[in-house]
Amino acid sequence: MSPDPGVSSEITVQENLDGSRTEYFAVACTEAGLLALLREVFEEHWEDVIFGPCIEGAVFEGRFGRRPTLSVLDGYLTVQVEGSESWHFHLCIGPHRGSPGLPTPPALAEWRRCARAAFFQNRDRAGRPSSWGVRLWNGRGEQMLTVFLPNPWIDPARGRYVDTPEWSRLDLWMALRARHAGVPAEPPPAHAEPPRTH
């Protein structure tokens, strides 16, 4: 399958202060492309993902108990469970103008809108892969959202690390990354040594 038009296969590496590194696989930041990706993640695979901001010093790990719905208004994507007002979230993924009576200044609209999106793979200090997901940043480079996808080293039922990886848990990451970032799937790592994560 060839990637959707407009997807990017740019790869960057971020060296982290603790000696680990994060590999990023860029996703084109069009409203249609981001909406398609987020619909697939949250409407089709909501049971498999953990999400929230993930910054140094704070990680929010949310899950939906039921399938959410997605809607867009004035560039903002809303993700929520119908009939549940307990919580939901908004992401600016498209042109944002405000209302006729209160228009949004262009510089503010640019700041709010997703300007970078990428699939990521974290690697420990020894280069062993340790987590996989998708991340979005706004126009000032501030993180908007991290979505953690199934991890072969974590038992999803118990939320605990395992000694033997279940590589099929990478299927979703590989399929989404191929479709939305143009990066073909690759075989699992040859070694099966658990990563060091903390």
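The values are calculated or read from the model by the stated rules, or taken from the named source; none is laboratory data. For clarity, every value in this text was computed on a predicted model and none was experimentally measured. Virtual Cβ from ideal backbone geometry, glycine too; neighbours counted across all protein chains shown. Areas reflect the complete protein model, heavy atoms only, side chains present, ligands, DNA and RNA absent. Shrake-Rupley method; radii C 1.70, N 1.55, O 1.52, S 1.80 Å.
Below is a table of values for the structure above.
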{"item": "Filter result for the condition that a residue is surrounded by 11 or more Cβ atoms within 10 Å (Cβ to Cβ) and part of a loop (DSSP other than H, G, I, E, B), over Ala109, Ala117, Ala126", "result": "Ala126"}
{"item": "Residue count for region 61-94, restricted to those that are out of contact with any helix residue (DSSP H, G or I) (no Cβ under 8 Å at 6 or more places or on another chain), within 18 Å of Trp111 (Cα to Cα) and hydrophobic (A, V, I, L, M, F, W, C)", "result": "2"}
{"item": "Selection within region 129-148 - open to solvent by 10 Å² or more (accessible area, probe 1.4 Å) and either under 18 Å from Pro189 (Cβ atoms) or in contact with a Gly (Cβ under 9 Å, 6 or more places away or on another chain) (or both)", "result": "Ser130, Ser131, Phe148"}
{"item": "Any pair with Cβ under 8 angstrom, 6 or more apart, that starts in region 86-105 at a residue that is touching a residue at least 40 places away in the same chain (Cβ under 8 Å) and ends at one that is assigned to a loop (DSSP other than H, G, I, E, B) and open to solvent by less than 30 Å² (accessible area, probe 1.4 Å)", "result": "Cys92/Gly75; Ile93/Gly75; Gly94/Gly75; Pro95/Gly75"}
{"item": "Odd one out for Trp87 among (1) at pLDDT below 95; (2) of a type in the set (Phe, Trp, Tyr); (3) within 26 Å of Glu23 (Cβ to Cβ)", "result": "(3)"}
{"item": "Residue, surrounded by the fewest Cβ atoms within 10 Å (Cβ to Cβ), within region 162-198, restricted to residues that are free of Cβ contacts under 8 Å to residues at least 60 places away in the same chain and among the acidic types (Asp, Glu)", "result": "Asp163"}
{"item": "Strands (runs of 3 or more DSSP E) contained in region 1-60 and holding at least 2 residues modelled with pLDDT of 95 or more, over 22 Å from Ala185 (Cα atoms) and not hydrophobic (A, V, I, L, M, F, W, C)", "result": "none"}
{"item": "Top-ranked residue of region 95-106 - restricted to ones that are surrounded by 10 or more Cβ atoms within 10 Å (Cβ to Cβ) and out of contact with any Ser or Thr (no Cβ under 8 Å at 6 or more places or on another chain), ranked as nearest to Gly33 (Cα to Cα)", "result": "Pro95"}
{"item": "Flag for Pro165 being within 16 Å of His45 (Cβ to Cβ) and part of a loop (DSSP other than H, G, I, E, B)", "result": "no"}
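Conditions (1) closer than 28 Å to Gly75 by Cβ; (2) hydrophobic (A, V, I, L, M, F, W, C); (3) touching a Pro at 6+ places or on another chain (Cβ under 8 Å); (4) not in a loop (DSSP other than H, G, I, E, B), marked per residue:
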position: Ser131; (1), (2), (3), (4): no, no, no, yes
position: Pro150; (1), (2), (3), (4): no, no, yes, no
position: Ala157; (1), (2), (3), (4): no, yes, no, no
position: Ala175; (1), (2), (3), (4): yes, yes, no, yes
